[in-house]
């Protein structure tokens, strides 16, 4: 995050104070230097940075060609004689067919060719090719600063913006930075309703919103493929990836073919993927060796009609984690969340995964609250074919809280899947017959193994099985778990497990920390996962040796390590 801010600030300062810059005006009054952006770009002598100031009286009547030169296009000026900008200048392409801007491929190999768009409202781009507003190839860096791009369309990819690398491998890969209250809204494309990247390239987004965008195929807001990288950082209220839709995969974001998605909140500023929808992966989808890394992220209230209300993976790699401790996070308690997501599909062989659905690939979830999700199969998670026959793929869930998920016979559905589940709290989930279900766990060439350790199972009725094998196969192994007092199930080897009372701080209000006098404090050692057990949903170090006597070790059971005189909740639990 700090690196991105430094890059932005250096460019802003250098651009604003450049000693060798041409400042020109574009508009329709007598004080204007040029009648169009194209004429300014190609006719103004190249002595360095070209600073084009576009008056609000400028009327866009055709696409604007941009020369291969360092350029700032600024809006907000009432007339060409105005020195003080306010608001945005409108560039509306409804009167012609095509993109708003057309660029020449940049062959830069050492430093980026910068195009800086500032204080503009851009709409009506309607390209038959990629990029409804602009398409960039090669060593360009596009910076969107307080830009509102809306109602643009591409008949291919990138409703507003499309980038791709040069065929010359020595040329810099293209890069887009979107920030300072920029809005990409109601744009439409086949893939990437707002923005798309094909091939190596980078998209950085912070303090902005993509909302109401539509993909006819994949990636309602963002589509990255073939090694592209998309990074979403924190923003303010109603910022992030919100209320987008894709017909197929990734209502908010879709990554495929070795592309990468990184989502990272920072103090007092959360990175959010919220209220998006798709057939598969309402919030996010990854496939074909693409990777999602979400740190302190909020992936909430997304919906899918088939699989993965929050996240869907097909042979992709997912890491969800809390990395910031206590009050240093945007939310002291619920810092990393996948909550309130839903799946409506009813196909028992395929549908489900209210929060996450994975089909092959890898899944790691650490220090995360997974709450209030719903699906008919796997109210929180449905995993199939992990690993695929003959492979050794790991699925790890550690230091998490699974609470109030509903509508399915199971909270976690492991279908031909191996998994390590440790030091997690399963509490107040609804409608299930068992908490963890194992089905078809053994294939012809690979026995699937499930280990459950250090976890708390606490649900109304006191008889729900912690884990149950519902087909032929290998029974799950258990150690140091707190199971329901009257439950049956198939966890074996549980000599260090218990049915003791849990004693949460305030279960009714969602405070799932253990009371200091709970028997489950300092109960176990690190069990199956070794040092990989050292995760807690409050983000603080684990284990902590409390003042009470240890039973089998210093680890508390469940997803939250207990801290005596715990300062992180000193301002009350909220």
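The values are calculated or read from the model by the stated rules, or taken from the named source; none is laboratory data. Just so we're clear, the structure is a prediction, and the values are computed from it rather than from any experiment. Every residue, glycine among them, receives a Cβ derived from its backbone with ideal geometry; neighbour counts consider all protein chains shown.
The residues of region 427-457 that are farther than 14 Å from residue 405 by Cβ and at pLDDT 85 or above, listed by number, are 438, 439, 449, 450, 451, 452, 453, 454, 455, 456. Does residue 90 count as free of Cβ contacts under 8 Å to residues at least 60 places away in the same chain, in contact with a strand residue (DSSP E or B) (Cβ under 8 Å, 6 or more places away or on another chain) and part of a strand (DSSP E or B)? Against the criterion (free of Cβ contacts under 8 Å to residues at least 60 places away in the same chain, in contact with a strand residue (DSSP E or B) (Cβ under 8 Å, 6 or more places away or on another chain) and part of a strand (DSSP E or B)), residue 90 qualifies. I'd like to check something: does region 513-521 contain any residue that is assigned to a loop (DSSP other than H, G, I, E, B), under 18 Å from residue 425 (Cβ atoms) and within 33 Å of the chain's Cα centre (by Cα)? No: region 513-521 contains no residue that is assigned to a loop (DSSP other than H, G, I, E, B), under 18 Å from residue 425 (Cβ atoms) and within 33 Å of the chain's Cα centre (by Cα). Can you tell me which of (1) under 19 Å from residue 213 (Cα atoms); (2) touching a residue at least 40 places away in the same chain (Cβ under 8 Å); (3) surrounded by fewer than 24 Cβ atoms within 10 Å (Cβ to Cβ) is the one residue 330 doesn't meet? All conditions are met except number (1).
None of 276, 302 is closer than 16 Å to residue 368 by Cβ, buried (at least 24 other Cβ atoms within 10 Å of the Cβ) and either modelled with pLDDT of 95 or more or under 14 Å from the mean Cα position of the chain (by Cα) (or both) except 302. Does region 193-215 hold any residues that are part of a loop (DSSP other than H, G, I, E, B), crowded, with 24+ Cβ neighbours inside 10 Å and free of Cβ contacts under 8 Å to residues at least 60 places away in the same chain, and which are they? Result: 193, 194, 201, 213. The set of residues in region 254-273 that are part of a strand (DSSP E or B) and surrounded by 22 or more Cβ atoms within 10 Å (Cβ to Cβ) comprises 254, 255, 256, 261, 263, 270, 272, 273.
Considering only region 440-454, I want to know if a residue exists there that is at positive phi and touching a residue at least 60 places away in the same chain (Cβ under 8 Å). The answer is yes, given that some residue of region 440-454 is at positive phi and touching a residue at least 60 places away in the same chain (Cβ under 8 Å). I'd like the full set of residues that are touching a strand residue (DSSP E or B) at 6+ places or on another chain (Cβ under 7 Å) and not in a strand (DSSP E or B), limited to region 98-107. 99, 100, 105, 107 - these are the residues of region 98-107 that are touching a strand residue (DSSP E or B) at 6+ places or on another chain (Cβ under 7 Å) and not in a strand (DSSP E or B).
Looking at the structure I just gave you, is residue 466 outside any loop (DSSP other than H, G, I, E, B) and free of Cβ contacts under 8 Å to residues at least 60 places away in the same chain? Yes. Could you tell me whether region 479-493 includes any residue that is within 21 Å of residue 367 (Cα to Cα), under 32 Å from the mean Cα position of the chain (by Cα) and touching a residue at least 12 places away in the same chain (Cβ under 8 Å)? Looking for residues that are within 21 Å of residue 367 (Cα to Cα), under 32 Å from the mean Cα position of the chain (by Cα) and touching a residue at least 12 places away in the same chain (Cβ under 8 Å), one finds at least one in region 479-493, hence yes.
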